[in-house]
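Here's the structure we're looking at; comments come further down.
The values are calculated or read from the model by the stated rules, or taken from the named source; none is laboratory data. These figures come from a predicted structure and were not determined experimentally. Quick reminder, even Gly has a Cβ in these numbers, built from the backbone with ideal geometry, and neighbours come from all protein chains shown.
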Amino acid sequence: MVLVFGVLLAGGCGTSPSANNSSNAAVRTGVTPIPDAEIAVIEMENKGAYGTIRIELYSNIAPKMVERFKELAREGFYDGTTFHRVNDSVIQGGDPNSKDADPRNDGQGGSSKADVPAEFSDIEYNTGIVGAARSQDVNSANSQFFITLKRETAFDRRYTIFGKVIDGMNNARIIAGVQPKDFERPVEDVRIKTIRIEPRQ
């Protein structure tokens, strides 16, 4: 499956944000995001270099995607996956294929669970927003997610927003700047040690 994001990218199940994707999915409007009672903490394998990223979750905006993300995190699904796609717009991870030694299949995988339907809203894709990656099918979000590094108007109302970084954006930018890269994939794996779900303090 091919999506468009500035240039053509090869991808697959739940792959990448696409500026040119339009949809007929319903969009919830006028709803203010309310932080969930729990947060997600992304702990990197190389913590000295990449630190941690803390994310507040919006179950009042995207209850199904938040539930899925928490479920997968608690199951250890994200342990050992990488941020397989990094550029000046997003860092993207959550693909189980990124655990293997074949970089060619990164971005094409997901969990064995059913895909999550679109939960689009009119919240803007500003810096630090956490979105659900998908294929051209708007109802194909599954396990992959991305964090925006700057305002991305082309993503608005096209990708489910389910959280926002509340601490660690500098670490996300460090990950985005990793060199060398093979197109958008870091040559040296930028690996997630684990994602913990913790009570919000």
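Quick notes on this one:
- All strands (runs of 3 or more DSSP E) inside region 134-201 with 2 or more residues being more than 23 Å from D106 (Cα to Cα): 161-167, 192-199
Results for (1) among the polar types (S, T, N, Q); (2) modelled with pLDDT under 95, shown as yes or no for each residue.
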position	(1), (2)
D102	no, yes
K113	no, no
P117	no, no
S121	yes, no
T127	yes, no
N139	yes, no
F145	no, no
T148	yes, no
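- Inclusion of Q108 among residues that are farther than 22 Å from A40 by Cα, free of Cβ contacts under 8 Å to residues at least 12 places away in the same chain and of a type in the set (S, T, N, Q) is not warranted.
- The set of residues in region 41-85 being in a helix (DSSP H, G or I), of a type in the set (K, R) and farther than 20 Å from Q179 by Cα consists of K64, R68, K70, R74.
- The conditions of being in contact with a Gly (Cβ under 7 Å, 6 or more places away or on another chain), over 16 Å from V66 (Cα atoms), touching a residue at least 24 places away in the same chain (Cβ under 8 Å) and not acidic (D, E) are met by G168.
- Flag if V138 is buried (at least 18 other Cβ atoms within 10 Å of the Cβ), aliphatic (A, V, I, L, M) and out of contact with any Asp or Glu (no Cβ under 9 Å at 6 or more places or on another chain): yes
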